[in-house]
1. What order do 135, 194 take when sorted by accessible area (1.4 Å probe), most exposed first?
2. Between region 266-283 and region 151-187, what is the separation of their alpha carbon centroids in Å?
3. Among the GluC sites (Glu not before Pro) in region 76-174, which ones are in a DSSP loop with at most 16 other Cβ atoms within 10 Å of the Cβ? Mind listing them?
4. Which links in 106/300; 243/277; 279/300; 106/148 stretch past 19 Å when you go from one Cα to the other?
5. Ignoring any ligand, DNA or RNA, what whole percent of the accessible area of region 108-179 comes from carbon and sulfur when the probe is 1.4 angstrom?
6. Multiplying the sequence separation of residue 221 and residue 203 by 0.36 nm and subtracting their Cα-Cα distance, what value in nm do you get?
7. Computed FRET efficiency, Cβ-Cβ of residue 241 and residue 135, R0 30 Å: what is it to the nearest 0.05?
8. Put a dot 7 Å past each Cα toward the Cβ at residue 272 and residue 118; how far apart are the dots in nm?
Amino acid sequence: MKSFKIVCLSTMLAATFSSCLKDKNLDDQKYGSSGIGFLDVAYFQESDGGTSFFPGNKDTTVRLLTVTLNSKDSVAREDITITLQRRDDLVADDPDLELPPDNLFKVSSLDLVIPKGSRTGYITITGNPSNLEGHSYALGFQMLSTNKEFATIDGSQNEILVYFETRNPFDGIYKMGGNFSAVTDPLISGMFGHLVELRTTDEQSVMLFSQFAQGYYFPFLDDSDETAFGSFTPRITFDNAGKILSVVNAYGQGRRNYWGVLDPSGVNARDANGNIKLKFTINNPNLATVRFLADLELTKVSNRP
């Protein structure tokens with residue numbers, strides 16, 4: 001198995017990802033190495049804290065939340081069951097959110113299984129998206145325990161607040177292609193052909209999630225090493241016609257983070273088949289210097305489960 005490293009470009013994360021605390025021990029590592037001690041560490045993956053439904057007026061089942069394993073063996077050596085509990089107090093602490101009535105949405109189970117040979121496990125929720133209208137529903141959860149002695153729970157990422165939303169039309173799974181390069185480093189190139197997800201953040205915007213890296217990371221190749229930025233992923237905003245209005249760093253464009261900047265010379269639009277072409281640069285903070293050039297083609301593969 002090839003090693004994979006996360007390249008962190010910032011020491012500070014923006015409040016955009018407020019539902020998930022970043023543990024330094026999970027950054028700047030190579031999956032497949034020893035991880036933390038001899039234990040496999042489980043943590044909530046969903047940095048945006050959101051689950052989304054497609055618009056409609058019938059019961060729909062979608063993933064509610066995902067747990068990822070930071071495993072010394074890269075994947076679970078046996079099935080691992082993680083026991084969750086509801087934390088309604090997390091919702092009550094936010095005056096802008098409300099708990100949904102129990103009869104509107106059904107959670108599949110509070111026993112989440114990471115199957116042998118996988119790094120992730122998830123639970124689902126079933127409900128009618130029309131019941132979201134006029135409400136800001138959310139659910140809170142906490143990981144309590146695992147059924148294996150070799151698996152433990154990350155104490156800084158064991159709680160999550162998941163809010164409900166309706167997916168926008170740009171949401172989905174895409175195959176990434178195109179060109180990616182660094183201005184000053186000829187060894188940098190694009191890691192293309194693998195799948196990424198564009199996940200809804202609001203009615204007009206999506207955020208790139210790498211299936212390979214299993215996180216909100218922008219992947220690329222450093223020579224032959226499969227690598228990703230740990231503090232940069234594009235947040236893409238469209239108009240109603242599918243024209244791209246902006247590309248920014250979803251982690252925030254502060255004085256310590258790289259900035260995303262839309263390049264107007266690109267197509268920068270979604271076509272009738274749902275495919276997307278976008279061109280942007282990744283700049284030093286405050287737009288000081290262009291560091292990387294991205295001219296991407298995202299080919300729609302399917303909707304997200």
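1. Values: 135 80, 194 30 Å².
Greatest to least solvent exposure: 135, 194.
2. Here the two parts' Cα centres lie 17 Å apart.
3. Numbers: sites: 78, 98, 133, 149, 159, 165; in loops: 78, 133, 149.
Qualifying residues, ordered by number: 78, 133, 149.
4. Table pairs above 19 Å Cα-Cα are 106/300; 106/148.
5. Details: 1290 of 2880 Å².
Reported share for carbon and sulfur atoms: 45 percent.
6. That pair, residue 221 and residue 203, stretches by 3.3 nm at full extension.
7. Details: r = 29 Å, r/R0 = 0.96.
The value I calculate is 0.55.
8. 3.8 nm
The values are calculated or read from the model by the stated rules, or taken from the named source; none is laboratory data. Just so it is clear, the structure is predicted and the values come from calculations on it, not from any experiment. Every residue, glycine among them, receives a Cβ derived from its backbone with ideal geometry; neighbour counts consider all protein chains shown. Accessible surface areas use protein heavy atoms only, side chains included; no ligands, DNA or RNA. Shrake-Rupley method; radii C 1.70, N 1.55, O 1.52, S 1.80 Å.
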